[in-house]
Amino acid sequence: MTVKITWLGHSTFLIEGSERILVDPFITGNPTAPIKAEDVECDVICVTHGHADHLGDAIPIAKRLGVPVVAIYELAQYISGRGAEAVGMNFGGTLHREKSSITMVPAFHSSGITEAGFKIDGGLPGGFGISMDGHTIYHAGDTSLFSDMKLIGELHKPEVAMLPIGDLYTMNPYTASIAAEWLGVKTIIPMHYNTWPPIKQDPEDLRRMLEGKADVIIPIPGHPIAIE
Ligand code: NI
Ligand code: MN
C-alpha cells in the first residue's frame, strides 16, 4: 500500500498511510512551513527530542486533536505535565499501535527544553523507525553520523530515510551520504537544511554523492512524496 510523505519544512513530516503520523511538528515560527499548526490533522505525533525546532507545536496540536505524543520517557513526562496525552518510550523499544509500529533509536545530539529562561531536562535525543502498510521509514532526528546506523540498517532495514544535512548542528551532505550507505536505504529525503542561513546547504550535493547508490528525493514543502 502506498504511503505518502509530506515535508512541512525543517524536520517536520506528515507520513500518511493507514494512519497519519506527524513527526517533529515545528510549524509556528518555521519560515518554510506551508501550513498553519491549527490546520494540521494527524492520528499520532512523534517528537525526536526537546529542542524547540522539533517539539514545536506538538503540545497544542495534540490537545486540539486529542491525539498522543510519542517521545522519550523524560520528554513524555514534560508533555503530559503540560496537559497533552503522551506515550513515553526509550531506545530499542517499539510501540505497537493498531495500524503502525514506532521504534525509537538513538541519535548523537543534545536535548533540553528552555522555558521562561529555565532549562528543563528533555531526556536523550533519538530518531524513529516507523513501520506502516509494509513500509519502514527512518526519521533520524538531529544527529551526527554514528556507526550504529549500520545496526539500524541491519535490524530495521529501512526503505526510506529522512536525514539531516544542514551541518553545524547535524550531519552535512557528505556524512549523510555515508549514513545512507550504512543504513542500506534505497531512498533518502534530506531535511534540517535551508530553514535559516546557518544551515544553508545544497541537497544536490547529496544527490551527486549517492549517484548510482540511492535515490535522493529533494522535498518541496507541502508536496507529498508517494512511496509505492
Ligand atoms: Ni536539535
Ligand atoms: Mn534541530
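Numbers for the structure displayed
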read-out: Within region 166-178, considering residues that are within 16 Å of ligand 2 (Cβ to nearest atom) and not in a loop (DSSP other than H, G, I, E, B), the one farthest from the chain's Cα centre (by Cα); value: THR175
read-out: Conditions (1) at positive phi; (2) surrounded by 22 or more Cβ atoms within 10 Å (Cβ to Cβ): number failed by ALA71; value: (1)
read-out: Selected residue [within 18 Å of THR103 (Cα to Cα) and among the small types (Gly, Ala, Ser)] from GLY29, GLY9, GLY17; value: GLY17
read-out: Among (1) modelled with pLDDT of 95 or more; (2) more than 23 Å from ILE188 (Cα to Cα), the one test that GLY112 misses; value: (1)
read-out: Filter result for ALA58 (buried (at least 20 other Cβ atoms within 10 Å of the Cβ) and either of a type in the set (D, E, K, R) or more than 16 Å from ligand 1 (Cβ to nearest atom) (or both)); value: no
read-out: Residue satisfying all of: in region 109-131; farther than 28 Å from LEU155 by Cβ and of a type in the set (Val, Ile, Thr); farthest from ligand 2 (Cβ to nearest atom) among these; value: ILE120
read-out: Subset tally (residues that are over 22 Å from THR175 (Cα atoms) and either among the aromatic types (Phe, Trp, Tyr) or part of a loop (DSSP other than H, G, I, E, B) (or both)) for region 125-157; value: 2
read-out: Among residues of region 74-124, those that are in a strand (DSSP E or B), touching a residue at least 60 places away in the same chain (Cβ under 8 Å) and surrounded by fewer than 21 Cβ atoms within 10 Å (Cβ to Cβ), counted; value: 3
read-out: Filtered residues of region 3-58 (kept if in a strand (DSSP E or B) and within 15 Å of ligand 2 (Cβ to nearest atom)); value: TRP7, PHE13, VAL23, CYS46
read-out: Criterion: closer than 23 Å to ILE15 by Cα, of a type in the set (Phe, Trp, Tyr) and touching a Pro at 6+ places or on another chain (Cβ under 7 Å) - qualifying residue of PHE128, PHE91; value: PHE91
read-out: Any hit, region 34-55, residues being within 16 Å of ligand 1 (Cβ to nearest atom) and either modelled with pLDDT under 95 or among the charged types (D, E, K, R) (or both); value: yes
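The values are calculated or read from the model by the stated rules, or taken from the named source; none is laboratory data. None of these values were measured; they are calculated from a predicted model. Every residue, glycine among them, receives a Cβ derived from its backbone with ideal geometry; neighbour counts consider all protein chains shown.
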